[in-house]
1. Within region 52-74, track down each residue that is open to solvent by 30 Å² or more (accessible area, probe 1.4 Å), β-branched (Val, Ile, Thr) and at pLDDT 95 or above.
2. Considering only region 29-69, state which residues are of a type in the set (Gly, Ala, Ser) and more than 11 Å from THR12 (Cα to Cα).
3. Quick test for you: out of ALA105, ALA48, ALA77, ALA93, pick the one residue that is modelled with pLDDT of 90 or more, open to solvent by less than 90 Å² (accessible area, probe 1.4 Å) and not charged (D, E, K, R).
4. Out of all the residues in region 12-58, which are among the aromatic types (Phe, Trp, Tyr), assigned to a helix (DSSP H, G or I) and in contact with a helix residue (DSSP H, G or I) (Cβ under 9 Å, 6 or more places away or on another chain)?
5. Criterion first (in contact with an Asp or Glu (Cβ under 7 Å, 6 or more places away or on another chain) and modelled with pLDDT of 95 or more) does THR30 satisfy it?
Amino acid sequence: MGTTSPTIPTETARHVLWTFGHRGGYQPGTYHQKLLDLLAYAPPVEVAKLAQIYPAEAEAVRMAKYDEDGIDKLKRAAGLVCIRCGDEDGPFAGAPRQPLCEGCARPMPLDGVA
């Protein structure tokens, strides 16, 4: 039986982005800030224990620290990347579930010519 990664909530993704100093993140409250710091610096055995209670937070920190494209994944989870073109500048329409940059959110003429 394999394990599946937990879904990263938008707020958690933004908190982890802030924790690791990336644009688009925002500072969590004191409790979650200390939890994310603990997850970022704890030895693997302790992280595994904490992951049982805080699976999304542990996975988001793991992604930020170890996945080559983890920050990009967190930005997508946070609704900070256009799902069509990959633009990060925003503002985004339809965020956070279906974020589209302004250019991609504009209605396309039926003949395909803008």
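1. The answer is ILE53, and nothing else.
2. Once the filter is applied, which keeps residues that are of a type in the set (Gly, Ala, Ser) and more than 11 Å from THR12 (Cα to Cα), region 29-69 yields GLY29, ALA40, ALA42, ALA48, ALA51, ALA64.
3. The match here is ALA48.
4. Of region 12-58, the ones among the aromatic types (Phe, Trp, Tyr) are 18, 20, 26, 31, 41, 54.
Applying the additional criterion that residues be assigned to a helix (DSSP H, G or I) yields 18, 31, 41.
Once the filter is applied, which keeps residues that are among the aromatic types (Phe, Trp, Tyr), assigned to a helix (DSSP H, G or I) and in contact with a helix residue (DSSP H, G or I) (Cβ under 9 Å, 6 or more places away or on another chain), region 12-58 yields only TRP18.
5. The answer is no for THR30.
Results for (1) more than 12 Å from the chain's Cα centre (by Cα); (2) touching a residue at least 40 places away in the same chain (Cβ under 8 Å); (3) more than 26 Å from ALA93 (Cα to Cα), shown as yes or no for each residue.
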site	(1), (2), (3)
ILE8	no, yes, no
ALA13	no, yes, no
LEU17	no, yes, no
GLY29	yes, no, yes
VAL47	yes, no, yes
TYR66	yes, no, yes
ASP72	no, no, no
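The values are calculated or read from the model by the stated rules, or taken from the named source; none is laboratory data. Owing to the predicted nature of the structure, the values given are computational and were not obtained by experimental measurement. Ideal geometry is used to build each Cβ from the backbone, glycine not excepted, and the neighbour counts take in all protein chains shown. For accessibility, only protein heavy atoms count, side chains too; no ligands or nucleic acids. Shrake-Rupley method; radii C 1.70, N 1.55, O 1.52, S 1.80 Å.
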